[in-house]
């Protein structure tokens, strides 16, 4: 649903901030909460977008669409790892989490600026 997608996109940066704010000892619980929440938001987003993609794409194009999405998304993973490692090497480990929290704001901004903002259901 459009509502679930919007809620997950808006909540994920909040959980990313929890990971960036966590410190030693007691901060471990804060990191665990942030990581679990961020992961849950990613799962919801993935399920909703895949479901929409499979229902909206004509059957004859579905294999190509799914392969293209997988190629692009899996291809981006090394760049994210490189950016996080670069931020950690250049500044410190916490900087990589701050960078992730800031970059996770892109998804809700793009989503809320799109027509999905007004859609209750995607299909």
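Numbers below:
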{"item": "Convex hull of Cα atoms in the chain, direction-averaged projection (nm²)", "result": "8.1 nm²"}
{"item": "Cβ-based exposure ranking for 41, 14, in which fewest neighbours within 10 Å come first", "result": "14, 41"}
{"item": "Gaussian network model of the chain, Cα within-10 Å springs - most flexible of 50, 94, 64", "result": "64"}
{"item": "Extension reserve of the residue 3-residue 93 stretch, reckoned as 0.36 nm per residue once the Cα distance is removed", "result": "29.0 nm"}
{"item": "On Cα atoms only, tilt of 27-56 relative to the major axis of the chain in degrees", "result": "10 degrees"}
{"item": "Expected 222 nm ellipticity per residue - DSSP helices of 4 or more, -39500 (n - 2.57), all of the chain, to 500", "result": "-27500 deg cm²/dmol"}
{"item": "Distant alpha-carbon pairs in segment 75-123 (separation over 17 angstrom), percent", "result": "50 percent"}
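Readers should treat all values here as calculations from the given coordinates under stated rules, not as data from a laboratory. Just so it is clear, the structure is predicted and the values come from calculations on it, not from any experiment. Every residue, glycine as well, gets a Cβ built from its backbone with ideal geometry; the counts of neighbours run over all protein chains shown.
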